[in-house]
Amino acid sequence: MSQTSHISRFARASGVLAAVATLFTACITPVEPPPPPPVPSLTGAPAGYELLACPTSTSKSTSKLIIPILGGIVSLDGTAITLPSLAILSPTTITVALPASSVMRADITAGNLLHFLFQKPVQVTIDYSRCGAVGGELTVWHYDPATNTFLEDMGGVDDRSLHKITFTTDHLSSYAIANRTSVEVGVEEPAQ
């Protein structure tokens, strides 16, 4: 074989490799992830409050049968409800759900009821560690996800080191964490 045919064969192989590389590079286009869903606009919230943006596309839930005399805890990923003894009148299945949402939300139900009244106050803790760094003052709201309406400020004690906010309630529903992002400051009139 002559030196020219080796060079010719090498040139063809190099050309084929370059064409294949070009073909693969042309077929691989970077795909950007879709933007997170927008935080829903709200009604019923005082000025300066907005839902805590914390998007997730995964829904999770867990349930447990609670016996009245014993009470109990139902917990999922750090979000929990603690029922004291005799908070309910009959054995009841309590469900904690963390729905796919653009905001930090927890739905807690008794049986198939989203709204439920207890005989004694219960303690609810919502873990917001999936939200990352959070600023502002956090509070929990009884929240209607169908209408994006704040219904009742549940308050809560915020433990920033654990990324959890805890409150007591006598009823179940959907709860969402809101962030107080601004504070209204009174303006003093100048002295005359």
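Tabulated data for the structure shown
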{"item": "Neighbour-count order for Ile88, Ile73, fewest beta carbons within 10 angstrom listed first", "result": "Ile73, Ile88"}
{"item": "Nonlocal amide H pairs with Leu51, under 5 Å, H built at 1.01 Å", "result": "Asn179"}
{"item": "Cα-based reach from Lys164 at 22 Å (exclusive), listing lysines while leaving out same-chain residues under 8 positions away", "result": "Lys60, Lys64"}
{"item": "Against the rule of thumb 2.2 N^0.38 Å, how large the Cα Rg of the range 49-180 comes out", "result": "0.99"}
{"item": "Interchain or long-range residues, amide H under 5 Å from Lys164's placed H", "result": "Tyr128, Asp159"}
{"item": "Relative contact order (%) - the range 70-113, alpha-carbon pairs under 8 angstrom, separation at least six", "result": "30 percent"}
{"item": "Table column - 3J(HN,Hα) (Hz), the range 62-68, Karplus curve with 6.51, -1.76, 1.60, x for Gly and Pro", "result": "8, 9, 8, 7, 9, 8, x"}
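Throughout, read-outs are computed from the coordinates displayed, never taken from laboratory work. Being a predicted model, the structure only gives us computed values, none of them experimental. Here Cβ is always computed from backbone atoms with ideal geometry, including for glycine, and neighbour counts include all displayed protein chains.
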